[in-house]
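Chemist: Once you've had a glance at the structure underneath, I'll fire off some questions.
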Amino acid sequence: MSGVGVRRGLAQADPRFRERALRRRRRPWLRGLWTVVALAVLAGVAWVVFWSPLLAVRTVEVSGVTGADRTAVDGLVGVPTGTPLARVDLEAVEERVRSRSTIAEVSVERGWPSTLRVRTIQRHPALVLKNPQGQLEVVDATGVSYDTVKAPPVGVPLVTAASPKGTTKAALEAALSMIQTLPPDLSARVSSIQMSTANLVSFTLGGVTVVWGGADDADRKLSILRALLPTRPQVIDVSAPDSPVTRGGTSPSPSR
């Protein structure tokens with residue numbers, strides 16, 4: 001009886017052993033098949049993203065500029081319709097658009113599935129500089145000269161550089177500081193602005209010559225200027241606000 005039992009046990013176990021062995025033999029083949037399938041899927045995805053027309057540029061959206069600047073930016077983007085969006089060199093597009101002098105900032109991003117978005121910030125005139133050569137340079141609020149014109153735009157202050165030192169970025173920043181500090185009731189009476197250096201900006205306010213100096217202590221200079229204007233001097237010098245000076249007024253100059 002024990003021998004029969006053993007034979008029955010072996011007969012019952014043998015199919016299970018065969019099935020296990022078959023599964024072991026199939027495992028490498030199945031792993032290889034799944035690897036091939038996964039690689040095929042990845043290759044398909046890569047083709048769709050990087051080479052197919054499904055995710056290609058069909059629209060270029062440009063914001064922040066109008067008119068001639070918009071037309072110029074459209075040309076500078078330089079990405080043909082149909083270019084796969086994933087293959088667009090965003091930094092190269094930004095560099096090309098930034099080469100336009102009237103553009104202060106630019107950012108480019110992908111708008112899936114088919115849009116290239118170009119966001120720009122346009123420069124705006126803060127003053128017009130008449131340089132020693134007689135050219136009129138348009139300067140933005142950061143002190144960057146970015147264009148030349150035949151006549152100043154309406155409402156933009158004209159500043160005359162008395163020497164090449166008056167055309168430096170530091171000198172432009174000093175003039176901008178003065179322009180931005182003067183309130184409307186005073187800036188409306190300014191008839192001319194001159195720059196000799198970054199530390200010597202002057203202007204005519206009504207019939208008074210004001211020596212402003214540099215960009216430092218702008219608010220304090222404004223307060224002193226307001227206090228001295230009622231004395232009706234010919235000259236007010238607030239370039240050293242600790243020792244302001246007037247000439248030709250109806251009262252003596254304050255000492256401190």
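Chemist: Select from the stretch 131-169 the residues that are open to solvent by less than 50 Å² (accessible area, probe 1.4 Å) and small (Gly, Ala, Ser) and list them in ascending order.
Modeler: Those that are open to solvent by less than 50 Å² (accessible area, probe 1.4 Å) and small (Gly, Ala, Ser): GLY134, GLY143, ALA161, SER163, GLY166.
Chemist: Is it the case that some residue within the stretch 118-134 is touching a Lys or Arg at 6+ places or on another chain (Cβ under 8 Å) and of a type outside the set (Ser, Thr, Tyr)?
Modeler: No: the stretch 118-134 contains no residue that is touching a Lys or Arg at 6+ places or on another chain (Cβ under 8 Å) and of a type outside the set (Ser, Thr, Tyr).
Chemist: A follow-up question, please. HIS124 fails exactly one of the following numbered conditions: (1) open to solvent by 80 Å² or more (accessible area, probe 1.4 Å); (2) under 30 Å from VAL201 (Cα atoms); (3) touching a residue at least 40 places away in the same chain (Cβ under 8 Å). What is the number of that condition?
Modeler: The one condition HIS124 does not meet is (3).
Chemist: Which one of these is part of a strand (DSSP E or B) and closer than 24 Å to ALA126 by Cβ: SER239, SER223, SER196?
Modeler: SER196
Chemist: What number of residues in the stretch 160-177 are under 15 Å from ALA126 (Cα atoms) and in contact with a helix residue (DSSP H, G or I) (Cβ under 7 Å, 6 or more places away or on another chain)?
Modeler: Residues meeting the conditions: 2.
Chemist: Any chance you could count how many residues in the stretch 63-85 are touching a Ser or Thr at 6+ places or on another chain (Cβ under 6 Å) and over 15 Å from ARG117 (Cβ atoms)?
Modeler: Selection size over the stretch 63-85: 1.
Chemist: For the subset of the stretch 203-213 comprising residues that are at pLDDT 95 or above and not aromatic (Phe, Trp, Tyr), which member is nearest to ARG189 (Cα to Cα)?
Modeler: LEU205
Chemist: Kindly check whether there is at least one residue in the stretch 56-67 that is at pLDDT below 95, assigned to a helix (DSSP H, G or I) and closer than 21 Å to ASP140 by Cβ.
Modeler: yes
Chemist: Between LEU222, LEU228, LEU172, LEU200, which is surrounded by 15 or more Cβ atoms within 10 Å (Cβ to Cβ), over 32 Å from the mean Cα position of the chain (by Cα) and in contact (Cβ under 8 Å) with a residue 24 or more places away in the chain?
Modeler: One residue alone meets the criteria, LEU228.
Chemist: Tell me, which residue of the stretch 184-197 that is open to solvent by 30 Å² or more (accessible area, probe 1.4 Å) and of a type outside the set (Ser, Thr, Tyr) is nearest to LYS130 (Cα to Cα)?
Modeler: GLN194
Chemist: If VAL97 satisfies every condition in (1) open to solvent by 30 Å² or more (accessible area, probe 1.4 Å); (2) in contact with a helix residue (DSSP H, G or I) (Cβ under 7 Å, 6 or more places away or on another chain) but one, which is the exception?
Modeler: VAL97 satisfies every listed condition except (1).
Chemist: On to the next question. Scanning for something in contact with an Asp or Glu (Cβ under 6 Å, 6 or more places away or on another chain), part of a strand (DSSP E or B) and either under 29 Å from MET195 (Cα atoms) or not β-branched (Val, Ile, Thr) (or both), does the stretch 90-113 turn up at least one residue?
Modeler: The answer is no, given that none of the residues of the stretch 90-113 is in contact with an Asp or Glu (Cβ under 6 Å, 6 or more places away or on another chain), part of a strand (DSSP E or B) and either under 29 Å from MET195 (Cα atoms) or not β-branched (Val, Ile, Thr) (or both).
Chemist: Answer yes if at least one residue in the stretch 113-121 is at pLDDT below 95 and exposed (fewer than 13 other Cβ atoms within 10 Å of the Cβ), and no otherwise.
Modeler: So far as the stretch 113-121 goes, yes, one or more of its residues are at pLDDT below 95 and exposed (fewer than 13 other Cβ atoms within 10 Å of the Cβ).
Chemist: Within the stretch 68-89, which residues are part of a helix (DSSP H, G or I) and free of Cβ contacts under 8 Å to residues at least 40 places away in the same chain?
Modeler: Passing the criteria: ALA68, ARG70, THR71, ALA72, ASP74, GLY75, LEU76, LEU85, ALA86, ARG87.
The values are calculated or read from the model by the stated rules, or taken from the named source; none is laboratory data. None of these values were measured; they are calculated from a predicted model. Glycine gets a Cβ as well: all are built from the backbone with ideal geometry, and neighbour counts include every protein chain shown. SASA here: full protein model, heavy atoms, side chains in, ligands and nucleic acids out. Shrake-Rupley method; radii C 1.70, N 1.55, O 1.52, S 1.80 Å.
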